[in-house]
1. Kindly evaluate THR13 against the criterion of being more than 14 Å from ALA76 (Cβ to Cβ), in contact (Cβ under 8 Å) with a residue 60 or more places away in the chain and surrounded by 19 or more Cβ atoms within 10 Å (Cβ to Cβ).
2. Out of (1) over 21 Å from the mean Cα position of the chain (by Cα); (2) surrounded by 18 or more Cβ atoms within 10 Å (Cβ to Cβ), the odd one out for GLY307 is which?
3. Residues being surrounded by fewer than 24 Cβ atoms within 10 Å (Cβ to Cβ) and either of a type in the set (S, T, N, Q) or modelled with pLDDT under 85 (or both): count how many of those fall in the stretch 347-360.
4. Only one of (1) more than 21 Å from ALA196 (Cβ to Cβ); (2) at pLDDT 95 or above; (3) part of a helix (DSSP H, G or I) fails for THR278. Which number is that?
5. Tell me, which residue of the stretch 24-38 that is at pLDDT 85 or above and more than 17 Å from GLY313 (Cβ to Cβ) is surrounded by the fewest Cβ atoms within 10 Å (Cβ to Cβ)?
6. With on the phi < 0 side of the Ramachandran plot and part of a strand (DSSP E or B) as the only criterion, which of GLU235, GLU258, GLU322, GLU289 stands out?
7. Out of all the residues in the stretch 166-212, which are more than 25 Å from LEU330 (Cα to Cα), touching a Leu at 6+ places or on another chain (Cβ under 8 Å), in a helix (DSSP H, G or I) and not hydrophobic (A, V, I, L, M, F, W, C)?
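The values are calculated or read from the model by the stated rules, or taken from the named source; none is laboratory data. None of the values given here were measured: they were computed from a predicted structure. Methodologically, a virtual Cβ is constructed for each residue, glycine included, from the backbone with ideal geometry; neighbour enumeration extends over all protein chains shown.
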Amino acid sequence: MTREIIMGIDVGTSSVKTIIAEKNKSDAAPYILGAGISPSHGLRKGVIINTQDVAIAIKNSVKNASKNLNNKPRQAFVSINGIGIDGIKSKGSVVVSRADHEISENDLKRVISQSEEQLKRSSSPYILNREILHTFPLSYRIDNETIIGDPAGMKGGKLEVETLFITVPSQHLSNLLKSVDMAGITVEDIVADPLAMSHAILNKKEKEVGCLLVSIGGDISSLIVFEEGNPISLEILPIGSNHITYDIAQGFQVLLEEADQLKMNYGNDLATKKKLNTIIVPRLNDIFELIENHLVKIKRTKLLPAGIIISGGGANLSGIDEIAKSSLKLPTRLSRPSLSAINDPVWSVALGLCYAGFGEKNNSIGAGGIGSKAKNLFSRCIKNLLP
């Protein structure tokens with residue numbers, strides 16, 4: 001029997017994490033074959049500025065993950081993050097094509113395509129140097145009436161859709177593809193970082209009733225909001241846990257390495273703890289204020305029953321859940337991957353990529369997940385940019 005093995009590579013500003021996993025036939029959770037991490041260089045706020053440095057980090061991370069394996073995987077699902085990744089909504093409308101007015105799968109494809117064309121027409125300066133990475137139809141209307149579920153098979157004269165497009169700057173995507181290729185890895189697919197993480201740490205109920213997933217990384221923080229099973233918004237914030245490290249280094253007049261240790265381990269000295277709190281708490285409040293502003297913009301402030309789920313390296317900060325709960329007035333939990341072998345939140349994205357990979361191979365990601373649009377884009381970018 002052929003073994004089903006997936007490799008997920010999380011290209012982060014501070015480090016590159018790689019997980020190699022095998023499909024567990026008797027369990028929904030994959031079996032971890034190897035995990036590797038390597039310091040990353042050549043990125044700023046998640047954006048690649050030196051493809052060679054990033055390629056080296058990817059290569060080292062994969063090497064560390066596969067050191068106990070006889071055959072190192074050569075294909076991977078890879079995450080993309082950074083300032084500039086964004087979610088934007090657009091609407092489309094078509095006349096139902098069949099004479100009996102029954103809505104077909106072809107009508108669904110046409111109306112989503114129309115919403116993409118409408119996006120390009122309505123915001124051409126915005127979309128000009130961007131690529132659409134993921135497409136999620138959020139809601140449908142038939143003859144001006146909102147319907148629940150899949151409209152295929154229903155009858156009507158006009159079909160409308162509202163679609164969420166997750167877009168990425170073209171140059172950033174091209175640089176990532178180039179770095180992965182230089183590392184000797186073939187890209188199976190690219191997944192937006194927050195979406196990849198959601199596969200590992202959100203359950204179906206949370207996505208259905210409404211939740212906010214926040215990942216506090218090094219230079220940036222990402223947030224993605226789910227309702228009725230789909231993401232309804234995504235945003236990247238230009239602030240992360242490294243900014244807390246910098247503040248501690250200045251406040252205590254210590255090197256960055258020592259400041260990072262203080263950030264994660266307060267020690268037992270009460271005076272030190274008190275001073276650290278005067279630095280860490282205001283910076284975390286800055287992050288949660290930006291998150292609150294986003295929730296206000298999408299009209300979801302205090303309206304997400306499943307609350308806020310915090311992950312990423314910043315989830316290890318002492319007391320962050322209570323600060324989030326107080327600031328956002330939402331139920332709050334810290335999230336770690338649900339595998340005993342991988343229980344630190346810094347691994348959430350790499351593990352989520354493996355879940356996404358297994359889902360795609362079994363056609364269970366769902367409409368608008370990861371797919372052929374991205375794969376065609378990769379081929380074009382590689383053809384145009386690689387030597």
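1. yes
2. Status for GLY307: all satisfied but (1).
3. Of the residues in that region, 2 qualify.
4. Going through (1) more than 21 Å from ALA196 (Cβ to Cβ); (2) at pLDDT 95 or above; (3) part of a helix (DSSP H, G or I) one by one, THR278 breaks only (2).
5. TYR31
6. Answer to the selection: GLU235.
7. Passing the criteria: SER174, LYS178, ASP181.
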